[in-house]
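The values are calculated or read from the model by the stated rules, or taken from the named source; none is laboratory data. Treat the numbers as computed from the prediction; the structure is a model and nothing was measured. Ideal geometry is used to build each Cβ from the backbone, glycine not excepted, and the neighbour counts take in all protein chains shown.
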Amino acid sequence: MTLALSNFSFVAMTCPCGQTSTSTSDGTRSPSCSRPDRPTSSPYRSSGRSPARCSTRRCPVTSAWTARPGGRRKAICGTGPFTVTSFQPDEKLELAANPTYWDGAPRLSELEFVNIPEVAGRITALENGEVDLLTQVPPDQVGSVKSGDGITYSTTPSWTYYFDWFNSNRKPFTDKRVRQAMWHALNLDGTIKDLLGDLASVAQAPLAQGVIGAPKLSPYSYDPAKAKQLLAEAGYPNGFSTSMQWPLEGGPNIRAPAQAMISDWAKIVVTVKPLEKERAQ
């Protein structure tokens with residue numbers, strides 16, 4: 001089975017059982033833009049096979065790494081339900097079923113993760129049968145994907161979230177009233193409704209609700225008048241100018257909510273210069 005990702009890296013983690021394991025990450029879990037916690041949409045093409053499980057109930061793919069001169073790590077050997085056949089950074093990760101896995105061999109004989117940076121390219125690959133599973137479909141593409149022949153579309157709670165981080169070591173964000181004003185100026189409910197519909201919700205914590213231990217905090221209320229008052233109390237009655245950076249491929253449809261935030265801040269006389277950055281491949 002082949003799965004398409006916008007981008008992935010090979011990272012090490014520790015399973016609850018204490019083993020060192022590897023997983024794929026699309027690298028989009030910390031974009032410095034707007035909002036929150038939303039489900040991941042996952043369409044897959046019917047091919048007479050069940051959708052791939054990227055991990056088992058307990059431990060995902062596990063690996064032993066051998067350090068090489070210059071900091072490069074090679075000689076991967078799997079000990080989980082799948083073993084690593086090959087790994088090409090920013091291109092492809094190939095896994096093969098481990099027939100001696102303690103919990104039984106997986107139903108799929110092999111898995112292949114391919115990196116397709118462009119949204120259009122990933123969707124075309126799904127429609128043409130080049131890949132079997134696709135995640136993180138942008139909201140404006142959901143309709144066309146759902147209507148595709150032989151494609152099944154579904155959503156599930158995600159650990160993906162967008163957030164905005166203010167550098168509190170630099171003025172004017174050293175003053176908490178400025179930071180509070182910036183939050184009160186944002187109409188997040190309206191932005192989510194207009195741009196993402198039911199595929200998103202306002203974050204209740206600085207991490208997704210699906211993460212163990214995530215608290216449920218009350219978001220800042222949308223109150224432009226209070227935002228202006230706080231700015232005046234902080235010594236910025238006429239606002240100020242600043243900038244915001246975010247990665248172009250930091251997440252599905254990330255540009256639109258970033259622009260919506262900039263528009264909301266303009267209403268309290270805060271001018272924000274957008275600095276959209278290219279992501280390293």
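Please state which one of Ser243, Ser263, Ser221 is without any contact (Cβ under 8 Å) to a residue 12 or more places away in the chain and among the small types (Gly, Ala, Ser). Step through it out loud before you land on a result.
Details: Ser243 fails: without any contact (Cβ under 8 Å) to a residue 12 or more places away in the chain; Ser221 fails: without any contact (Cβ under 8 Å) to a residue 12 or more places away in the chain.
None of the other options fit; the residue is Ser263.
Filter segment 165-189 down to the residues that are in a loop (DSSP other than H, G, I, E, B) and touching a Lys or Arg at 6+ places or on another chain (Cβ under 8 Å) and list them by number.
Answer for segment 165-189, where residues must be in a loop (DSSP other than H, G, I, E, B) and touching a Lys or Arg at 6+ places or on another chain (Cβ under 8 Å): Phe166, Ser168, Phe173, Ala185.
Taking only segment 122-152 into account, find how many residues are among the basic types (Lys, Arg) and crowded, with 20+ Cβ neighbours inside 10 Å. Let's see the steps before the verdict.
Going through segment 122-152, the residues among the basic types (Lys, Arg) turn out to be 122, 146.
Next cut, crowded, with 20+ Cβ neighbours inside 10 Å only: 122.
Residues that pass the stated criteria total 1.
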Taking the condition modelled with pLDDT under 95 and either in contact with a Leu (Cβ under 8 Å, 6 or more places away or on another chain) or closer than 21 Å to Thr174 by Cα (or both), does Ser243 pass? yes
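Could you tell me whether Ala203 is closer than 30 Å to Val119 by Cα and assigned to a loop (DSSP other than H, G, I, E, B)? Give the derivation first.
Working: closer than 30 Å to Val119 by Cα: yes; assigned to a loop (DSSP other than H, G, I, E, B): yes.
When the stated conditions are applied, Ala203 passes them.
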Among the residues of segment 142-149, is any within 24 Å of Gly121 (Cα to Cα), of a type in the set (Ser, Thr, Tyr) and not in a helix (DSSP H, G or I)? yes
Which of the residues spanning segment 226-279 are under 19 Å from the mean Cα position of the chain (by Cα) and of a type in the set (S, T, N, Q)? Gln245, Asn253, Gln259
Some residue of segment 185-205 being touching a strand residue (DSSP E or B) at 6+ places or on another chain (Cβ under 8 Å) and over 30 Å from Pro138 (Cα atoms): no
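On the given criteria, is Ala214 touching a Leu at 6+ places or on another chain (Cβ under 6 Å) and either in contact (Cβ under 8 Å) with a residue 60 or more places away in the chain or not assigned by TED's automatic domain parsing to the domain that holds Glu127 (or both)? Quick ask: steps written out before the conclusion?
Values: touching a Leu at 6+ places or on another chain (Cβ under 6 Å): yes; either in contact (Cβ under 8 Å) with a residue 60 or more places away in the chain or not assigned by TED's automatic domain parsing to the domain that holds Glu127 (or both): yes.
Judged against the criteria, Ala214 is a match.
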Scanning segment 259-273 for residues that are farther than 20 Å from Gln180 by Cβ and surrounded by 14 or more Cβ atoms within 10 Å (Cβ to Cβ) gives Gln259
Within segment 166-176, is even one residue in contact with a His (Cβ under 8 Å, 6 or more places away or on another chain) and either farther than 25 Å from Gln141 by Cα or surrounded by fewer than 17 Cβ atoms within 10 Å (Cβ to Cβ) (or both)? no
